[in-house]
Each structure stands twice: as C-alpha cells, then as structure tokens.
Amino acid sequence: MKTRPLGKTGFHASILGIGDLADRSVPLKECVRTIHRAMDFGLNLIDTAPGYEEGYSEEIVGTALRGGKRDGMFLIDKIDHLLDPVIPQVESTLRALKTDWVDLFVFHALSDLEKWEQIAAPGGGMDQLAQCVKAGKTRFRGISSHNPEVLRAALASGLCDVVMFPVGPYVHADYFQEILPAAQAAQIGTVCFKTFGAGKLVGDTLGYNQPLTQRPRGKFSSGGQSPLVPPELPHLTAEECLHYTLTLNPDVALLGLSFPNEQDAAFAALETFQPLSPERMAQIKELASEAVQGKGDCWWNP
C-alpha cells in the first residue's frame, strides 16, 4: 500500500482510508473482521463519529483497534455538536472507544460560515480542542466540510492540521481546483470522501444504502449481494470512480467499504491505477453527472 505524508502531522497515511461502515443489521464481529481485512491490505487510517449509527461505528472501531491493533493506525473522530462545549464531547468519545487519545478530532460537517467563525473565535471550539491537545487527549485538530467557502476560511486561519472534504467524479470543481491545492501548498493534510458519491455513482440509491425502489440493487448498495436484475439507471464502475479521485491526488481517499466484495472492487481498482488523461477525466465527470440523476440531493455540493 502506497503511503504519503498527511500534511505536517508526521504520519505517513495509506492513500486509501477506512471510512464509516456502521450498519446495525451486520453483527459487530463481522464489522470488526471487515476493518481488519482492510488493515491487512495496508490501510492505516480510519474514520468514525459518535453520530454514525448512534454510536455503533465507535463501538466497531474501538473493538477493532484493541489488542495491539492500534499501533500504526491513525484514528479520526468527530465533534458532532458544533457549538456545544468540546471537552465533554471528546471525553465521551474516548469512553466509547475505550482509549485514552485519538489522533485527530474534526468538527463534523461544518458547512456554515457563521458557525465556523464562532468555532474559530478566541475561546471557541478550536481553542477548546487545543486544550485537549495539551492534555494528550488528541494530537491534531481540523474540520470536515461540504462547503468550499468554509474550507477557504479554515485554511486561511492556520488552525487546522487536517481538512476533510469531497473529492470525486461528482463534486463541485472548487474542491479540487482550489481547496485541494491550497491545502497541499500549506502542508495541511487532506482526507477526502465522496469518491462514490455516497453510493449514487455505483448503485441505485438516494445515498448510503437508502434504496430508490424495492427492487434489488447493485453490488455497492445491496449489502454485498449480487443484483438480481440489471440496473435501470446509469452507473460508474469502482475503477472509474477511484481512478478519478486518485488522479486528483488527495493525501487520502476515504472509502466507506462495508463488505468484502466492495473492498475487493476498490483494491482491484487500486492495483490497476494509472493517472488519467484530461480527456478521460472529463468523460468520467460527464458520466457521473448522468449517474446521479434521479437519485436525490447531492448535499456536498453548494
């Protein structure tokens, strides 16, 4: 697994990261095995949040990283309640994970500029998170955002060690034409999601496995099962999506791969990766625009 520096954190992250895979229909042991399978392949960065499946994600990740498995892993968790006191949220997460520290805490889905300004103000959430750094409860600070305007302000503030934002075949161009190079120029780590457009690009879903209809769905949104009928709407392949994201070159492409067959498709795509030509990138982007039609709101695009 190729690795690269995650900004100025000193950590060399795998170019693929382990995204949220919480699904309460799947037993804990099976979810843990899926994480370990990704770790065995060489993925060394993992992301979770208190609100993912009402705490189930943190339970899965905490269990998966016990017994010596934490060594060499970069663990990201979130501050879900953006304007509430930070320290109690951090302590709650540490209890849920059964750990003393997390590598990175980010303010989750921080996409409102006014909220960012409150968090960045003296005594605000970023200052409170800095106290957690001093106390050894975390090492780094950052945000995840679905708004380039907020990301611009966060990058300019000098308060973020890592930023998380969308990069993929169907995201607003500002993310990869402006935000990504600006973060890299400032040596701020970039962990990027939405390679598969919340599943919309590779399956018939409103996002994150919410079905469009009751008919059987494609392999990326059927709980690992093969489709029983041909797909009715345009799809991209895992290879097209991942090659597009990797060509744009974020530090980490964070993928939510909940089942072994999904992992296998992504790992196979990684093995064949070569940077795409501008012509092929444009073609995939056009195909992605077709693939999201009729599949609900793409909330990550302003």
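Derivation of every value follows stated rules applied to the coordinates shown; laboratory data play no part. What you see is a predicted model, and the numbers here were worked out from it, not measured in a lab. Glycine gets a Cβ as well: all are built from the backbone with ideal geometry, and neighbour counts include every protein chain shown.
Things to note:
- In terms of other Cβ atoms within 10 Å, C298, C192 run from fewest to most in the order C298, C192.
- The stretch 157-208 versus the stretch 1-53: alpha-carbon centroid distance in Å: 17
- Gap separating the Cα centres of the stretch 240-300 and the stretch 131-152, nearest whole Å: 26
- Amide N of the stretch 37-61 lying under 11 Å from the label point, which is placed 7 angstrom from the Cα of I87 along Cα→Cβ: none
- Dipole magnitude for the stretch 52-203: about 460 debye, using +1 per Lys or Arg Cβ and -1 per Asp or Glu Cβ, origin at the Cα centre.
- Candidate values (i) 61, 57, 38; (ii) 54, 41, 34; (iii) 55, 45, 39, label of the one derived for Cα extents along the principal axes in Å: (ii)
- Computed magnitude of the charge dipole of the stretch 92-139 (debye, nearest 20; Cβ of K, R +1, Cβ of D, E -1): 340
- By the count of other C-beta atoms within 10 Å, a proxy for reagent exposure, C160, C241 are ordered fewest to most as C160, C241.
- Dividing the summed -39500 (n - 2.57) terms of all DSSP H runs of n ≥ 4 by the residue count of the chain sets its mean residue ellipticity at 222 nm at -10500 deg cm²/dmol.
- Summing charges over all other residues whose Cβ lies under 12 Å from the Cβ of F267, with Lys and Arg as +1 and Asp and Glu as -1, gives -4.
- Coil-residue GluC sites (Glu not before Pro) of the stretch 253-302, DSSP, other Cβ within 10 Å capped at 13: none
- Translational diffusion of the stretch 31-124, µm² s⁻¹ [Kirkwood Rh, Cα pairs; Stokes-Einstein; 4 °C; 1.567 mPa s]: 92
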